[in-house]
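**Student:** This is the structure I want to talk about, given as structure tokens.
The values are calculated or read from the model by the stated rules, or taken from the named source; none is laboratory data. Only a predicted model underlies this, so the values are computations on that prediction, with no experimental measurement involved. Quick reminder, even Gly has a Cβ in these numbers, built from the backbone with ideal geometry, and neighbours come from all protein chains shown. Just so you know, the surface numbers come from the protein's heavy atoms only, side chains and all, with ligands and any DNA or RNA stripped out. Shrake-Rupley method; radii C 1.70, N 1.55, O 1.52, S 1.80 Å.
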Amino acid sequence: MELISKIIENLKEVKGKSPLVHHITNYVTVNDCANIVLALGGSPVMADDIKEVEEMVSFASSLVINIGTLNERTISSMIKAGIKANELNIPVILDPVGVGATGLRTEAIKILLEKIKFAVIRGNMSEIKIIAGMDVKIKGVDSTASDEDALDIAKNLANKLNTVVAITGARDVITDGSRHCLVDNGHKILSMVTGTGCMSTSLIGAYVGTTNDYLQAAVAGIVTMGIAGEKAYESLAQGEGIGTFKVRLFDNIYNFCEEDLKVRGKVIYE
Amino acid sequence: MELISKIIENLKEVKGKSPLVHHITNYVTVNDCANIVLALGGSPVMADDIKEVEEMVSFASSLVINIGTLNERTISSMIKAGIKANELNIPVILDPVGVGATGLRTEAIKILLEKIKFAVIRGNMSEIKIIAGMDVKIKGVDSTASDEDALDIAKNLANKLNTVVAITGARDVITDGSRHCLVDNGHKILSMVTGTGCMSTSLIGAYVGTTNDYLQAAVAGIVTMGIAGEKAYESLAQGEGIGTFKVRLFDNIYNFCEEDLKVRGKVIYE
Amino acid sequence: MELISKIIENLKEVKGKSPLVHHITNYVTVNDCANIVLALGGSPVMADDIKEVEEMVSFASSLVINIGTLNERTISSMIKAGIKANELNIPVILDPVGVGATGLRTEAIKILLEKIKFAVIRGNMSEIKIIAGMDVKIKGVDSTASDEDALDIAKNLANKLNTVVAITGARDVITDGSRHCLVDNGHKILSMVTGTGCMSTSLIGAYVGTTNDYLQAAVAGIVTMGIAGEKAYESLAQGEGIGTFKVRLFDNIYNFCEEDLKVRGKVIYE
């Protein structure tokens with residue numbers, strides 16, 4: 001079965017089983033992350049107190065760790081929840097927002113990678129390069145690095161950490177170290193709305209909740225966001241902008257279907 | 001005067017007096033809770049530091065305590081603010097989000113119920129069952145329990161705690177232990193947007209700010225959300241989904257009026 | 001060159017240089033603040049842990065400190081980040097949300113004013129009066145004070161603190177103590193959406209990132225929000241309300257241009 005067909009199955013499973021996606025995430029985009037998971041058909045739960053994260057994650061189908069507004073309290077909760085998820089074979093997804101921008105973020109990611117086995121790590125080129133140990137100049141949480149050697153970097157990191165690495169950008173690169181996918185969906189206006197990266201990670205969290213194929217789930221989340229974004233952009237009339245775009249993005253995720261994937265999916269699988 | 005007429009008066013009072021609704025709530029849906037209170041005509045304030053909650057609540061017309069993303073710091077603030085509100089006869093509303101999902105939540109609710117007298121407790125069937133001391137399986141913060149014996153459970157709990165208990169679901173049940181209401185407004189799409197439960201609680205917080213009839217205020221908040229949700233759903237065109245739905249929900253609360261209550265209100269009062 | 005022309009240049013610079021605006025802000029309106037900065041053309045970053053704020057602010061073009069949901073942890077971070085920004089000559093903007101409502105807020109603002117030199121302080125009449133040491137009754141975070149003597153209060157405070165003071169209301173007053181502007185843009189529906197004040201402050205943060213003229217940047221942020229709000233209000237059809245208004249507000253900021261400023265700008269500069 002080809003990848004798009006598998007993703008279609010994965011989407012049906014999400015809608016049918018409504019996997020619970022436990023998030024320990026930032027307070028900037030958390031509402032959007034919850035709504036995007038609901039729109040796809042999943043069930044989000046946000047809980048970050050150290051006294052409850054182990055219990056909460058034990059009910060979950062997946063755990064999303066996003067360091068967007070990390071602090072000492074939540075870093076401890078991330079570690080505890082991640083270790084518990086690993087024990088229970090619940091897949092853990094990492095969004096290393098702004099790693100490299102500050103020592104706190106870089107140190108936090110080091111510890112998380114030491115203690116937790118991740119199913120998928122999704123970031124932009126700068127973030128993934130930092131994790132791969134390369135030197136890169138970061139401006140806030142945005143990336144401006146070239147992505148031409150993205151695949152090599154991603155493959156090496158995926159092999160080193162035994163995980164799926166997804167680098168999102170104009171062309172998205174997703175690999176488990178042996179297999180890889182390139183995704184050409186999306187539109188640059190997505191970077192004009194805060195949290196579209198976080199939301200992609202949350203969609204991966206939903207998809208990963210009903211499959212053991214983490215590469216497929218990562219591609220699914222990214223292609224879903226890309227297609228929904230394209231359609232939202234194309235629908236904009238004169239005078240409309242990111243306000244309307246964001247509304248339509250959620251509409252499109254809510255109505256996301258087999259046809260969208262078949263007609264619009266631009267996935268190269270090797 | 002029948003209940004709908006009283007709710008119409010209550011709505012006018014909210015618009016005229018703009019009651020200040022102090023929230024100690026979660027960071028997932030807090031923006032929506034603030035905007036829904038503003039849309040109805042109230043005045044929201046969010047403040048959770050233990051050093052200021054007593055002062056802040058002393059200006060307020062009501063206090064909403066929502067445990068969606070509780071932590072040790074905010075639990076202490078909830079207790080302190082609630083005790084102060086009780087001293088000043090300011091009504092306190094409880095939204096026990098996800099109680100039963102973790103020990104932390106269950107313990108927090110136990111302490112809150114011991115220390116604070118609530119005017120209204122609003123939750124879904126699972127949450128209210130937990131509070132009533134019954135056994136129930138909870139999946140995250142969502143409820144899948146049958147609601148057929150909802151009225152008995154609600155009445156017993158209302159009498160035990162000397163409060164108004166509101167169970168929201170397909171048919172909402174609201175009771176003070178002697179009187180009760182059943183509300184048949186709403187649409188299931190409301191459960192596809194995060195925070196519609198929290199927002200209902202915040203609306204109750206606004207209504208309760210201008211009346212001493214807590215049963216009426218609880219029904220008012222729930223019927224308002226239900227009607228606004230129905231109208232938002234009915235307005236959706238092909239290709240629209242929860243993005244547009246949420247926008248229209250706020251539009252409908254902003255324009256909510258006597259006519260909406262008279263024409264659409266499905267309230268059985270016994 | 002007249003002020004509107006300078007603001008047009010400032011807008012182009014924001015779009016061209018995409019200044020990084022570091023926020024330490026509240027969890028109620030943080031998502032809207034991030035999106036408004038993006039919509040204008042800037043680059044927002046939200047980071048509040050004491051271990052990273054000095055590093056983060058050192059990359060930034062400006063720092064926005066907003067005390068909307070302050071707590072002990074974040075107050076310390078605000079102080080540390082502000083001092084660092086001052087050392088590096090990075091302009092710092094203050095939004096003293098709800099100062100005077102509680103002792104915690106008033107004390108926090110006192111300390112911030114002692115330790116940090118602000119480029120711009122933007123608040124409503126009540127908030128600015130509190131800072132100016134005058135007596136005023138505050139209801140939550142909203143202001144109902146008369147603004148007739150706003151200019152005197154603002155000028156005195158601006159001179160005392162050697163900063164730009166901006167009082168927003170029906171008529172906005174902005175002054176550096178010698179020069180002053182009055183802005184008559186905006187619409188009262190803006191006060192029906194939570195965070196429009198915070199968002200104005202964030203827009204100032206973006207404008208201030210590409211100019212040394214802080215008075216101009218403050219006027220720019222306020223007039224931008226005012227014009228975008230007017231246009232959003234005028235576009236509303238029957239049955240639409242604050243949901244649609246907020247969407248269009250973001251659309252209008254995204255499409256904000258020279259023409260808007262030339263045709264609609266109501267700025268009196270003396």
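**Student:** What's the total number of residues in region C:67-84 that are free of Cβ contacts under 8 Å to residues at least 40 places away in the same chain and not charged (D, E, K, R)?
**Tutor:** Just the residues of region C:67-84 that are free of Cβ contacts under 8 Å to residues at least 40 places away in the same chain, to begin with: C:71-73, C:75-76, C:79-80, C:82-84.
Still in the running and not charged (D, E, K, R): C:71, C:75-76, C:79, C:82-83.
Number of matching residues: 6.
**Student:** Select from region A:4-26 the residues that are open to solvent by 10 Å² or more (accessible area, probe 1.4 Å) and either at pLDDT below 95 or among the polar types (S, T, N, Q) (or both) and list them in ascending order.
**Tutor:** A:Ser5, A:Ser18, A:Thr25
**Student:** Moving on to the next point. Which pairs turn up if I take residues in region B:47-66 that are at the interface with chain C (Cβ under 8 Å from one of its Cβ atoms) and look for partners that are open to solvent by 10 Å² or more (accessible area, probe 1.4 Å) and among the basic types (Lys, Arg) with beta carbon separation below 9 Å, at least 6 apart in sequence or on another chain?
**Tutor:** B:Asp48/B:Arg73; B:Asp49/B:Arg73; B:Glu55/B:Lys84; B:Phe59/C:Lys139
**Student:** I need the full set of residues from region A:71-103 which are more than 18 Å from A:Val120 (Cα to Cα) and of a type in the set (A, V, I, L, M, F, W, C), in order please.
**Tutor:** If the condition is that a residue be more than 18 Å from A:Val120 (Cα to Cα) and of a type in the set (A, V, I, L, M, F, W, C), then A:Ile75, A:Ala101 are the ones that fit.
**Student:** Can you go through B:Gly209, B:Gly241, B:Gly186, B:Gly177 and tell me which one is in contact with a helix residue (DSSP H, G or I) (Cβ under 6 Å, 6 or more places away or on another chain) and crowded, with 24+ Cβ neighbours inside 10 Å? Please lay out each step first, then the result.
**Tutor:** Working: B:Gly209 fails: in contact with a helix residue (DSSP H, G or I) (Cβ under 6 Å, 6 or more places away or on another chain); B:Gly241 fails: crowded, with 24+ Cβ neighbours inside 10 Å; B:Gly177 fails: crowded, with 24+ Cβ neighbours inside 10 Å.
That would be B:Gly186, the only listed residue that is in contact with a helix residue (DSSP H, G or I) (Cβ under 6 Å, 6 or more places away or on another chain) and crowded, with 24+ Cβ neighbours inside 10 Å.
**Student:** I would also like to ask the following. So which residues in region C:67-114 are facing chain B (nearest Cβ under 10 Å), more than 16 Å from C:Gly133 (Cα to Cα) and of a type outside the set (A, V, I, L, M)?
**Tutor:** C:Gly68, C:Thr69, C:Asn71, C:Glu72, C:Arg73, C:Thr74
**Student:** Could you list, in sequence order, all residues of region B:32-46 that are touching a strand residue (DSSP E or B) at 6+ places or on another chain (Cβ under 9 Å) and either at the interface with another protein chain (Cβ under 8 Å from one of its Cβ atoms) or within 10 Å of C:Val28 (Cβ to Cβ) (or both)? Give the derivation first.
**Tutor:** Let us first name the residues in region B:32-46 that are touching a strand residue (DSSP E or B) at 6+ places or on another chain (Cβ under 9 Å), namely B:33-38, B:42-46.
Of everything in region B:32-46, those that are touching a strand residue (DSSP E or B) at 6+ places or on another chain (Cβ under 9 Å) and either at the interface with another protein chain (Cβ under 8 Å from one of its Cβ atoms) or within 10 Å of C:Val28 (Cβ to Cβ) (or both) turn out to be B:Cys33, B:Ala34, B:Asn35, B:Leu38, B:Ser43, B:Pro44, B:Val45, B:Met46.
**Student:** Write out, first by first residue and then by second, each pair whose Cβ atoms fall under 9 Å of each other, whose residues are 6+ apart or on separate chains, and whose first residue, in region A:1-16, is of a type in the set (D, E, K, R) while the second is at pLDDT below 95.
**Tutor:** Sorted first by the residue in region A:1-16, then by its partner, the pairs are A:Glu2/A:Tyr269; A:Glu9/A:Met1.
**Student:** Further question: Which numbered condition trips up A:Ile24, out of (1) more than 9 Å from chain B (Cβ to nearest Cβ); (2) of a type in the set (A, V, I, L, M); (3) more than 20 Å from B:Thr194 (Cα to Cα)?
**Tutor:** (3)
**Student:** Still on this structure: Go through region C:79-98 and report how many residues are in a helix (DSSP H, G or I) and open to solvent by 10 Å² or more (accessible area, probe 1.4 Å).
**Tutor:** Initial filter on region C:79-98 (in a helix (DSSP H, G or I)): C:79-87.
Filter once more, so that each one left must be open to solvent by 10 Å² or more (accessible area, probe 1.4 Å): C:79-80, C:83-84, C:86-87.
Final tally of qualifying residues: 6.
**Student:** While we're looking at this one, here's another question. Just give me the residues in region C:214-270 being among the basic types (Lys, Arg) and under 22 Å from C:Leu182 (Cα atoms), in sequence order. I'd like the intermediate steps shown before the answer.
**Tutor:** First, the residues of region C:214-270 that are among the basic types (Lys, Arg): C:231, C:246, C:248, C:262, C:264, C:266.
Passing the criteria: C:Lys231, C:Lys262, C:Arg264, C:Lys266.
**Student:** I'm trying to understand the selection: among the residues of region B:99-116, which are polar (S, T, N, Q) and open to solvent by 30 Å² or more (accessible area, probe 1.4 Å)? Explain how you work it out, then say what you get.
**Tutor:** The initial filter retains those residues of region B:99-116 that are polar (S, T, N, Q), namely B:102, B:106.
The one that is polar (S, T, N, Q) and open to solvent by 30 Å² or more (accessible area, probe 1.4 Å): B:Thr106.
**Student:** Let me ask something additional. Across region A:213-265, what is the number of residues that are within 16 Å of the chain's Cα centre (by Cα) and more than 25 Å from C:Asn252 (Cβ to Cβ)?
**Tutor:** Residues that pass the stated criteria total 15.
**Student:** Just need a number here: residues in region B:27-78 that are open to solvent by less than 10 Å² (accessible area, probe 1.4 Å) and in a strand (DSSP E or B).
**Tutor:** Residues meeting the conditions: 7.
**Student:** Residues that are within 14 Å of chain A (Cβ to nearest Cβ) and under 26 Å from B:Val30 (Cβ atoms), at least 2 per element: which helices (runs of 4 or more DSSP H) completely within region B:158-270 meet that? It would help to see each step written out before you state the result.
**Tutor:** On the way: elements: B:196-207, B:214-234, B:242-254, B:258-264.
The qualifying helices (runs of 4 or more DSSP H) are B:196-207, B:214-234, B:242-254.
To keep it simple, each residue is scored yes or no on (1) free of Cβ contacts under 8 Å to residues at least 40 places away in the same chain; (2) under 30 Å from B:His23 (Cβ atoms).
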residue	(1), (2)
C:Asn185	no, no
C:Gly195	no, yes
C:Ser200	no, yes
C:Val208	no, no
C:Thr211	no, no
C:Thr224	no, yes
C:Ala237	yes, no
C:Thr244	yes, yes
C:Asn252	yes, yes
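**Student:** Then there is this: Going by the structure shown, is B:Val30 over 14 Å from the mean Cα position of the chain (by Cα) and either touching a residue at least 60 places away in the same chain (Cβ under 8 Å) or within 21 Å of A:Ile36 (Cβ to Cβ) (or both)?
**Tutor:** Values: over 14 Å from the mean Cα position of the chain (by Cα): no; either touching a residue at least 60 places away in the same chain (Cβ under 8 Å) or within 21 Å of A:Ile36 (Cβ to Cβ) (or both): yes.
Judged against the criteria, B:Val30 is not a match.
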